[in-house]
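**Q** Shown below is the structure under consideration.
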Amino acid sequence: MNRYLPLALLAFGILAFATLMLVIAPGVQIARHSVPPQLEPYTEQQARGRAQYVGLGCVYCHSQQPRSPDQAPDGERGWGRPAVAADYVYDQPHQLGTMRTGPDLLNVGARLPSEAWQLTHLYQPRAIFGWSVMPAYPFLFEIKPAAEPGDTVVVLPEAFAPEAGVVVARQEALDLTAYLLSLDRTYPAPADALRDEGYATMESGS
Amino acid sequence: MPLTIGLLLGLSFVVSVLALAFLIWAVATRQITMQKGDAATVFGAEGAGHPDVDGTHLFDTTGIDRISARPVLVLIAAAIFWLVVGSLFGVGASLKLHWPDWLTGSAPLTFGRMRTLHLNLVIYGWLSQVGIAGMMWILPRIFRTPLKMPGLPLAGAVIWNLTVAAGGWAIATGWTDGEEWLEIPWQLDILLALAGVFFVLPMIQTARKREVHHIYVTGWYFLGAMIWFPFLFIVANLPGIHYGVEEATTNWWFAHNVLGLWLTPLGVGTAYYFIPKIIGKPVYSYAVSLLGFWGLALFYSQVGIHHLIGGPVPTWVVTLSVVHSVMMFIPVIAVAVNQHVTVARNTWALKQSLPLRFIAFGALMYTFASFQGSIEALRSVNTITHFTHYTIGHAHLGAYAFVSIVMFGSVYHIMPRLLGREFAWPGLIRAHFWLVVLGFAIYFFALSIGGVLQGLAMLDATRPFAESVILMKPYLEARSIGGSMMTLGHILFALNFIGILLARPGTAAKPVVAE
Ligand code: HEM
C-alpha cells in the first residue's frame, strides 16, 4: 500500500458503512414505532430530577433496561417486564446503563413508590440496608434546627439522625425523587414492540 | 419489515466477507504490491540489522527528529500529567465502591463524578495525547520527511489541554452530556475537534509530501485512525438529534469505536513500529499485516452493539455486532503472528531494552483482550458478565494493559532520543514495570473472578440482590490495592520524566548527532 488517498477513502467508506448499519438503519427502524399511549413526557420537576440523576452519574451503578425472562430473572426480582425501544422516546440523554452494582431502576417508581423511603435512602442508604455500597448524598439535604412550614423532613433511624435538629430535603432531592417515582413502565408492551429477542429463539450458546 | 432487516443483516455480513475475500485475492495475486524491502522502511537508510537498544543510537541524522521534538515533548509532558491526575481519580472511585461513606460531603466527590473524571482524563488527557505524540514522532521517521507545519500541533496542544481541564471542571460541577464516554459537553467538544484538526493536518500533509514511496504498516493504522476518530467524534456529539434507544446505539457505536478505531490503531501501530525497530529485524510476515489492518477496519467498526445485548434494540443489530465480534479473531491473530513471533525469536532484545519489555507485554495483552472480548460477546457468556465488574476488568485489559503499557514503552524509547540523554534512574523504569504489571494482575483477576460470581448471583432468582453486592466487596478492595500499585508506578514514571527533563546537558551519556 503506497498511496494515501485510496487508503483514506477506503477506510472512511468502511466506517460510513458501519454507521449505516449501527446508527442510521436502527434509528430509522426505531423512529417508525409508535409511542405507547400510557407513556407520559416528563413534567418540569421530573425533568429537573432527571438532570440530577444524569449529573450525579447514577447510571454508572444502575441500568434502566430489564431483560426478558428468556435470559435473566429480572422480572422475578421486581424490575419489570422486558424493556422495549418505545419505552424511551422521551429520554435524552438515554440512561440505559451497562452496570448493575445496584438494581435496575426502569420501574423503581412502581416498586418503591414512597417519597419518604426514597428521601431517606438518598440521604443515607445504609440507614435502610447496612450492606449497601450506594453513595450517600447528604448535600442534597440540609440540617435545620426545626422544620419550617412547607419543609419535607426526612425520616431517619436514631443512629443516622443528626445530634440536634432535623434533616430537610432540598429542592434537588425532591426533584430527584419525583423523577425516581416517575420511573414506571408497567403498562403492557405495545404489540409491535422492538427489542433484542435473541434469547427467545435460542436454547444455549450463541 | 423482517425481510428488510434480514436483508440488511445478510448484506452487511456478505459485504464484510466479500471484502475479506477480495483482500486475500489481492494479496495472493499481488494486486497490492508489497515488496520484501517494504517491511524494512522502518529502519531508515541504513537498513536492517542494527538494534536500537541504546538510548543515543540515532537512526535519524537528517534533522527529522529535531522538528518533531518540540510538539512531541509538549504532548508527552501533558499526557503524563493527566495520567497521574486521572489515575488518582480512578483510585478515588475505586475506594468509594467499598468505603461508601468516605468523602460524601460534596457532589464533585461522589462516585458518579469521580469515575467520569477518571475515564475522561485518562482517555482524552492521557491516552489520546500520548498516542498523538507517538504518531508525531513515528510518522516523520517512517516517511523520512520532517513534520510539516510543526507550529500547529503546539497550538493544538494548548487548546486540547485547556479543553480537557475545562471538561473535567464541567463534569465535576455536574455539567455533562450524560452519555458514557461522551460526558464532556458538546460546547467544549467543538474545541477538542478544533485541536484535533491542528494535530491531524500536519501529519496528513507529512504523509502526502513524504519522501519514501511505501507507507509502512504503522502508517496505515495511524492514517486510518486520523480519519476515523474525527468522524466518530463529530457524529456522536451532534447535539439535539439523538434520543432514546437510537441514542444508545449511537453511544455504543461511538464508544466501542473509540477503542477499536482510535486507541487500538494507536497501540498496534506504535508496536508495529517499535518492535522491529528496537530488535533491528523486520516483522515476521509483512503480507499478513494487511489482513490485520483491513480486518480490523471491517469487523471492529460493527461490534459496538454488543454493549446492548439483551436490551431494547432490534435483534438484528445485536446479532450483527456479535458476529463481527467473533470475526475479530481474524485480524487479531494476524497481528499476533507478526508481533509475537518477531519478539519470540529475539528474546535477547527484551534483556537489552526496557522499552521493548513494556511494548512486547502490551502487544501480548492486545491479543488477550481481543480474544476475551470475542468470547465475552457470545450471548451465553454475556448474560453472565454483562452488568458486572467483569466488564471493567476487560476494559482495563484493553485500555490499560495493552494501550497504556505500549505507550509507557513508547515514551521510554522516545525520550532519550529526543533529548539526547539517558533516563537518570533506570531502576525506576524497572520498578514502574513491575508495579504496573503486578498491580494490573491483581486488578484484573479480582474483577474477573468477582464479576463472574456477581453475575451468577444476579442470575439466580433465589438469591437476594444483596448477595451480589456483598460478595463483591473483597474483590473491590483487591482492585483498590492493584489500582494503587499501578498509580504508584505512574508517579515513578512522572518522576523519571521530570528527571530526564531537568538533567543538565553535562550528564548526557553521549553527545547527540544533531545533523
Ligand atoms: C491510566 C490508565 C487507565 C485507563 C486507560 C483506564 C481506563 C478506564 C476505562 C475505559 C474505564 C471505563 C470502563 C467501562 O465503563 O467499561 C475505567 C473505569 C474505571 N477505572 Fe480505569 N483506567 C486506568 C487506570 C485506572 C487505575 C490506576 C485505577 C485505580 C483503581 C482505575 C480504576 C477505575 C475504576 C474504579 C473505574 C470505574 C469502574 C466502575 O464503574 O465500576 N483505573 N477506566
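**Q** Return the aspartates and glutamates within reach of residue B:473: Cα separation strictly under 17 angstrom, same-chain partners fewer than 8 residues apart disregarded; answer none if there are no such residues.
**A** B:101
**Q** In whole Å and largest first, what semi-axes does the C-alpha gyration tensor of segment A:13-149 yield when each eigenvalue is scaled by 5 and square-rooted?
**A** Details: eigenvalues 217, 65, 52 Å².
Listed largest to smallest, the semi-axes of segment A:13-149 are 33, 18, 16 Å.
**Q** Report the charge-dipole magnitude of segment A:67-183 in Debye, nearest 20, computed about the Cα centre from +1 at each Lys and Arg Cβ and -1 at each Asp and Glu Cβ.
**A** The calculation lands at about 280 debye.
**Q** In degrees from 0 to 90, rounded to the nearest 10, what is the angle of the helix A:44-55 Cα long axis to the longest principal axis of chain A?
**A** Approximately 70 degrees, to the nearest ten.
**Q** With unit charges on the beta carbon (Lys/Arg positive, Asp/Glu negative), name the residue among A:165, A:198, A:106 whose Cα is farthest towards the positive pole of the charge dipole of segment A:57-198.
**A** A:198
**Q** Quick one: grab the alpha carbon gyration tensor of segment B:63-507, order the square roots of its eigenvalues as a ≥ b ≥ c, and give me rounded if a/c is under 1.5, else prolate or oblate depending on whether a/b is larger than b/c.
**A** Cα axes put segment B:63-507 in the rounded bin.
**Q** For segment B:357-379 and segment B:380-418, write down the distance between their C-alpha centroids in whole Å.
**A** Spelled out, the Cα-based centre of one part sits 9 Å from the other.
**Q** I would also like to ask the following. With a 10 Å Cβ neighbour count serving as the proxy for reagent exposure, in which order, fewest first, do B:199, A:141 appear?
**A** A:141, B:199
**Q** Checking understanding here: applying a Kyte-Doolittle mean of at least -0.5 and a length along the axis of at least 24 Å (C-alpha), which whole DSSP H helices in chain B pass?
**A** TM-like helix candidates: B:2-28, B:64-98, B:152-172, B:186-208, B:217-237, B:354-376, B:426-459, B:465-502.
**Q** So what is the relative contact order for chain A, in percent, with contacts set as C-alpha pairs under 8 Å and at least six apart?
**A** Values: 265 pairs, mean separation 52.0, N = 206.
Normalised by residue count, the contact order of chain A is 25 percent.
**Q** Per-residue ellipticity at 222 nm for chain A, helices alone: DSSP H runs ≥ 4 residues times -39500 (n - 2.57), over residue total, nearest 500 deg cm²/dmol?
**A** That comes out to -8500 deg cm²/dmol.
**Q** Further question: For segment A:1-149, with only Lys/Arg (+1) and Asp/Glu (-1) charged at the beta-carbon, what is the dipole magnitude about the Cα centre, in debye rounded to 20? Walk me through the numbers before you get to the answer.
**A** Values: 11 positive and 11 negative charges, 82 e Å.
The calculation lands at about 400 debye.
**Q** Can you tell me the 0 to 90 degree angle between the C-alpha axis of helix A:171-182 and the longest principal axis of chain A, rounded to 10?
**A** So the inclination is approximately 60 degrees.
**Q** Rounded to the nearest 10 degrees, what's the angle between the helix A:4-19 long axis and the longest principal axis of chain A, both from Cα atoms, 0 to 90?
**A** Tilt relative to chain A: about 60 degrees.
**Q** Another one. Per-residue mean of other chain beta-carbon atoms within 10 angstrom of the beta-carbon, peptide A:5-16? Working shown, then result.
**A** Details: counts 1, 0, 8, 6, 1, 5, 15, 5, 2, 15, 14, 2.
Average neighbour count from other chains, rounded to a whole number: 6.
**Q** For chain B, with the dipole built from +1 on Lys and Arg beta-carbon atoms and -1 on Asp and Glu ones, taken about the Cα centre, which of B:23, B:503, B:410 lies farthest toward the positive end?
**A** B:503
**Q** Moving to a separate point now. Which whole number gives the average count of other chain Cβ atoms within 10 Å of the Cβ atoms across peptide B:108-118?
**A** Mean number of neighbouring Cβ atoms from other chains: 4.
**Q** Now for a separate question. So, with +1 on the Cβ of K and R and -1 on the Cβ of D and E, and no other charges, what is the size of the charge dipole of chain B about its Cα centre, to the nearest 20 debye? Don't skip to the end; give the middle numbers.
**A** Values: 27 positive and 21 negative charges, 265 e Å.
So the dipole magnitude of chain B works out to roughly 1280 debye.
**Q** Same structure again: Using +1 at the Cβ of each Lys and Arg and -1 at the Cβ of each Asp and Glu in segment B:63-507, identify which of B:457, B:328, B:202 lies farthest towards the dipole's positive end.
**A** Checked the options; the winner is B:202.
**Q** Enumerate the amide H contacts of residue A:141 below 5 Å, restricted to partners 5 or more residues apart or on another chain; note that Pro and chain-start residues carry no placed amide H.
**A** A:170
**Q** Another one. Residues of A:191-197, mean number of Cβ from any other protein chain within 10 Å of their own Cβ, rounded to a whole number?
**A** On the way: counts 0, 1, 1, 6, 9, 14, 5.
Shielding by partners across A:191-197 averages 5.
A short reminder: the numbers here are calculations on the coordinates, not readings from a lab. Because the structure is predicted, anything quoted here is derived from the model rather than measured. Backbone-built Cβ (ideal geometry, glycine too); neighbour counts: all protein chains shown.
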